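Undergrad: Let me give you the structure first, and then I'll get to my questions.
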Amino acid sequence: MKELDSSTNEREFLLAALRDGARIDGRNFYDFRTLRLSFGEDYGAVEVQLGNTRVLAKVSCEVIRPYADKPTEGFLMFNTEMSPMASTVFEIGRPTDEEVLVSRLIEKAMRRSRALDTEGLCIVAGEKVWSIRVDIHFLDHDGNLIDAACIAAITALLHFRRPDVTVVGEEATIHTLEQRNPVPLSVHHIPICVSFAFFDNGERVIVDPTHLEEQIKEGDMTYTLNVHKEVCALSKAGGIAMELDQILQCSKIAVIKVAEITAQIQAALEADAKKR
């Protein structure tokens, strides 16, 4: 189903508000919406709510044979699912351009930045490795799916625990949760996506755009960084051209936002750990 365009009144009202230094939901230009993290009973189940945007991430694992040319490396896979429940624009079995973009960005942010130690997933070299799968389900779409999905994915990986394994020779014994405490994954760093939207030929820049702001924007850009100020990925899929100083300004804002979000994720994980 084709998405309905925003009305002329909505467009003019939103742009007038931005020119007056305000956003229609009351936020400042560089403010994120309220971020809420909730955990399921099982390890690796996380629901992220960013304003009215909701994303659920679930991590699972299985033992498989590694590639012959990488005998000591495990696997990390991502699967995104945008159902009509999130928005009428999405159809089952027919991925939209937005879904493809989100999938690729999450892949770049997590896998190519080597956020997870895949060699630490090896059980028996050349024979058995762990395959970690992250399923990302979009429940409500009110803009900025990329940032919400990235937060959900990395939080789920941090929260997940795999079964402990004992290896004797080439024989591996996988212990149940009742026999031994499960083992956390080895996460090197926490990549966080921060998305920007541009208006008035790039003169006005906002963080964490809503769905209406995304419909009216003239361009966008997504930074993926960690708290060490390392750039994991930078994506700009079309839109207006950007000056170098604008890109650098966005990077400075992103560094601050990444530190805030990372601290919130770690606090939520610590609070959940105390409850268990």
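Readers should treat all values here as calculations from the given coordinates under stated rules, not as data from a laboratory. Quick caveat, the model's predicted, so the values are computed rather than measured. Reconstructed Cβ throughout: ideal geometry from the backbone, glycine too, with neighbour counts over all protein chains shown.
Undergrad: Go ahead and estimate [θ] at 222 nm for the chain from helices alone: -39,500 (n - 2.57) per DSSP H run with n ≥ 4, summed, over the residue count, rounded to 500.
TA: Mean residue ellipticity, 222 nm, calculated: -9000 deg cm²/dmol.
Undergrad: For the pairs 229/257; 236/257; 108/217; 108/257; 108/229, note any where the Cα-Cα span goes beyond 22 Å.
TA: As for pairs spanning more than 22 Å Cα to Cα, those are 108/217.
Undergrad: With label points built 7 Å along Cα→Cβ from the Cα atoms of residue 41 and residue 62, find their separation and express it in nm.
TA: 2.4
Undergrad: Between helix 97-107 and the chain, what is the angle of the helix's C-alpha long axis to the longest principal axis, kept within 0 to 90° and rounded to the nearest 10?
TA: Tilt of helix 97-107: around 50 degrees.
Undergrad: Using only the alpha-carbon atoms, what does the chain span along each of its principal axes? Please give whole angstrom values in decreasing order.
TA: Principal extents (largest minus smallest coordinate, Cα): 69, 39, 38 Å.
Undergrad: Antiparallel DSSP bridges in the chain: what percent, to the nearest 5?
TA: 85
Undergrad: If you fit an axis through the alpha-carbon atoms of helix 8-19 and take the longest principal axis of the Cα set of the chain, what angle between them do you get, 0 to 90°, nearest 10?
TA: 90
Undergrad: Ranking request for peptides 231-240, 178-187: highest mean number of other beta-carbon atoms within 10 Å first, then the rest in descending order.
TA: 231-240, 178-187
Undergrad: Compute the orientation-averaged projected area for the range 10-66 from the convex hull of its Cα atoms and round it to one decimal in nm².
TA: The Cα convex hull of the range 10-66, projected and averaged over all directions, gives 7.0 nm².
Undergrad: The range 83-142 to the range 194-241: how many Å between their Cα centroids?
TA: Answer, in whole Å: 21.
Undergrad: Pull out the extension gain between residue 125 and residue 181, defined as 0.36 nm times the separation in residues minus the alpha carbon to alpha carbon distance; nm, one decimal.
TA: Extending this stretch completely gives an extra 17.8 nm.
Undergrad: Going by average Cβ neighbours within 10 Å, how do the peptides 67-78, 109-120 rank, with the highest at the top?
TA: 109-120, 67-78
Undergrad: Can you give the direction-averaged projected area of the convex hull of the alpha-carbon atoms in the range 129-276, in nm²?
TA: Computed as one quarter of the Cα hull surface, the answer is 11.7 nm².
Undergrad: Separate question: DSSP loop trypsin sites (Lys or Arg not before Pro) in the range 1-67 with at most 14 other Cβ atoms within 10 Å of their Cβ, which ones?
TA: Those that pass, being in a loop and sparsely packed, are 2.
Undergrad: So, one more: How far is helix 145-159 tilted off the main Cα axis of the chain, in degrees rounded to 10, range 0 to 90?
TA: Roughly 20 degrees between the two axes.
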